[in-house]
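These notes are about the structure you will find just below.
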Amino acid sequence: MTRRIHEMPFGAALLPDGGTRFRLWAPGNPRVELELRGAAVTHRPLVALGDGWHELFVPEAGAGARYQYIVHGGRNGPVAVPDPASRSNPDGVHGASEVVDPRAHEWSDGDWRGRPWAEAVLYELHVGAFTPRGTFAAAQERLAELGDLGITALQLMPLAAFPGNRNWGYDGVLPFAPAACYGSPEELKALIDAAHGLGLMVLLDVVYNHFGPDGNYLHVFCPEFFDASRTTPWGAAINFDGPLSAVVRAFFVHNALFWVEEYGFDGLRLDAVHAMHDRSDPDIVGEIAQALRAGPGNRRAVHLVLENNANQSRYLMRSGDGAPRHATAQWNDDVHHALHVTLSGESDGYYADYAAAPVERLGRALAEGFAYQGEFSAYRHKPRGTASGDLPPTAFVDFLQNHDMIGNRAFGGRIDTFAGTPLLGAAYACLLLSPHVPMLFMGEEFAASTPFLFFCDFEPALGAAVAEGRRREFRRFAAFADAAARAQIPDPNDPASFDASRLRWEERERRPHRERRALVGDLLTLRRLRLVPRLAGIRHGGRHHLENSLLRVEWPCSDGAYWRLLAHFGAQAVDAPEPAGEIIYAAGAHRAGAGYMRLEPGAAIVSAGP
């Protein structure tokens with residue numbers, strides 16, 4: 001059994017000889033008090049250390065002690081705030097913080113060294129909607145089934161404490177405290193421990209580009225955290241490169257290390273790095289990557305995945321030995337968008353960039369990584385992306401669905417509710433049998449019928465504003481031009497929106513859900529047995545060819561062989577030359593004469609050989 005802790009320069013730290021050291025950074029606040037709650041509530045002044053730091057040692061404060069800070073000097077007078085580096089806030093983001101003993105958990109995964117990225121099959125899940133109980137403990141009960149299917153890595157949507165009991169997680173305000181509605185820090189550690197015991201990696205989605213709108217007290221007592229001169233779609237930008245930014249940067253670097261070292265996560269997914277404004281060198285993304293690799297990454301496999309709609313390949317560059325210099329991989333919106341347009345015919349919003357030639361865009365993205373590598377984006381009104389063909393395919397995470405692509409639809413509809421069903425077979429072959437790293441969204445493996453709606457639990461005035469803002473966003477769609485139509489869009493603050501989004505696990509035993517689960521399981525088995533052993537030898541992109549909706553993609557392996565994918569996205573059956581090499585997978589295809597095969601719409605063939 002092992003015990004773990006990540007030491008931090010801020011927050012509440014239990015000391016080896018007993019007692020707790022409390023430390024807060026609050027420049028501009030000449031006086032800070034500690035409010036300690038026990039049999040009686042006491043107030044004690046912290047000592048000003050200089051440079052904005054305040055500190056106090058309390059010998060009698062141990063694990064479980066509840067506390068908050070009273071900061072003086074703000075425009076609104078004294079204000080009680082939770083610890084921004086709180087490890088636990090059991091009563092919500094407006095309540096008192098709790099002292100946690102990180103060493104209390106006895107880890108049973110001492111031999112765990114992670115898994116190579118080439119073996120990754122990601123499964124994105126929202127803890128609250130994943131099971132009927134919506135807790136860490138309930139999620140733990142489902143792990144073995146996912147492992148049996150062929151999943152090798154969980155990717156948990158953000159867990160940082162947020163307001164209320166329902167939220168996607170991107171409105172977090174206490175980055176070090178797991179949301180109490182899912183369970184305790186101990187129960188989250190037990191989930192990760194159990195996953196490792198089953199050979200599953202666990203990655204965490206983290207949000208370093210903004211704080212949520214409710215419960216973020218840093219705006220009140222520590223405006224130095226923000227750069228008012230720059231904005232993000234969600235408010236003021238984080239101060240990563242302005243005056244006093246060194247402490248702000250350290251806060252987020254320590255947060256990344258905290259989740260990986262103290263909780264044992266196998267990596268992080270950085271949300272929307274294109275909205276993290278930073279002119280430093282290295283910028284904050286590079287600094288986090290360096291800290292992870294120099295620290296826990298020296299002892300086990302630690303992976304860093306980005307969301308970056310700017311498609312900047314510089315974050316994905318490899319060293320001479322093939323190791324990532326910064327990020328391990330990036331979510332590949334290009335593959336999703338091209339597949340989405342191909343399957344649905346939709347061309348609103350960012351899908352407009354793929355409407356003219358979706359299968360061609362798909363082919364380039366599968367072969368070379370990005371579909372847009374500097375070409376002009378009509379949707380963004382500027383060039384987008386950089387060259388990516390020299391990157392290994394495993395630098396790209398592909399998906400047919402994720403939380404955004406489902407939840408940002410008005411009614412949270414999954415792909416089976418609007419896509420051309422015959423073509424889905426080819427789409428899943430492209431997803432699960434290409435050398436890119438695949439990701440499934442929870443329930444996708446059995447074609448879940450439940451939507452994944454946008455949901456939250458804000459106070460009434462903010463909740464009403466969010467609901468109105470969401471409906472207003474849909475005015476540009478023809479189907480919602482009428483106010484009466486927009487009024488039918490579910491209210492994110494209504495508990496029913498959250499309840500409707502919970503998976504119904506009993507579905508997987510019925511048709512057509514069990515058939516989808518069988519298909520996914522079969523494809524993942526082939527991936528593990530036939531493709532994963534070859535991935536180390538596929539060091540860069542390949543090439544593609546499109547003829548009459550028949551897409552061919554091939555990737556060169558280091559042994560002179562090729563991994564080939566043939567997918568038919570047309571509406572009519574076609575004849576095509578039989579692929580070279582050994583046929584590893586074929587669906588919707590049969591021999592049509594010497595050297596030819598007849599491919600039905602949605603057919604796919606995967607082969608390997610010279």
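No value in this document is a laboratory result; all are computed from the given coordinates. All values reported here derive from a predicted model rather than from experimental measurement. Here the Cβ is made from the backbone with ideal geometry for all residues, glycine too, and neighbour counts use every protein chain on show.
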Helix-only [θ]222 nm of the chain, DSSP H runs n ≥ 4, -39500 (n - 2.57) each, per residue, nearest 500: -6500 deg cm²/dmol
Computed magnitude of the charge dipole of the chain (debye, nearest 20; Cβ of K, R +1, Cβ of D, E -1): 660 debye
Cβ-based charge dipole, the chain, positive-most Cα from 303, 419, 540: 540
The stretch 36-56 versus the stretch 179-251: alpha-carbon centroid distance in Å: 24 Å
Shape category assigned to the stretch 493-534 from the gyration tensor of Cα positions, a/c cut at 1.5: oblate
C-alpha center-to-center spacing [the stretch 380-455, the stretch 320-343] in angstrom: 11 Å
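Remind me, relative contact order of the stretch 250-351 in percent, using alpha carbon pairs under 8 angstrom and six or more residues apart?
Values: 101 pairs, mean separation 25.0, N = 102.
Reported as a whole number, the value is 25 percent.
Would you work out if the stretch 498-610 is rounded, prolate or oblate? Take a ≥ b ≥ c from the square roots of the eigenvalues of the alpha-carbon gyration tensor; rounded if a/c is under 1.5, else prolate when a/b is larger than b/c, oblate otherwise. Don't jump to the answer; show the numbers that get you there.
Working: a/c = 2.18, a/b = 1.41, b/c = 1.55.
Verdict is oblate for the stretch 498-610.
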Value of relative contact order over the chain, rounded to a whole percent, pairs C-alpha under 8 Å and six or more apart: 11 percent
Karplus 3J(HN,Hα) series, Hz, for the stretch 11-19 with 6.51 cos²θ - 1.76 cosθ + 1.60 (x for Gly, Pro): x, 9, 10, 5, 9, x, 8, x, x
Interchain or long-range residues, amide H under 5 Å from residue 584's placed H: 606, 607, 608
For residue 543, distant residues with modelled amide H under 5 Å away: 554
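Would you please put 128-135, 12-19 in order of how densely packed they are, using the mean number of other Cβ atoms within 10 angstrom per residue and starting with the highest?
Taking the mean over residues of other Cβ atoms within 10 Å, the ranking is 128-135, 12-19.
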Kirkwood hydrodynamic radius (C-alpha pairs) into Stokes-Einstein, the stretch 407-488, 4 °C and 1.567 mPa s, D in µm²/s: 85 µm²/s
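What shape does the chain take by its C-alpha gyration tensor, where a ≥ b ≥ c are the square roots of the eigenvalues and a/c under 1.5 counts as rounded, a/b above b/c as prolate, and the rest as oblate? Before the final figure, lay out each step's value.
Numbers: a/c = 1.91, a/b = 1.71, b/c = 1.12.
It comes out prolate by the Cα gyration axes.
Could you list 285, 47 in order of exposure, starting from the residue whose Cβ has the fewest other Cβ atoms within 10 Å?
On the way: 285 21, 47 11.
Going from sparsest to densest Cβ surroundings: 47, 285.
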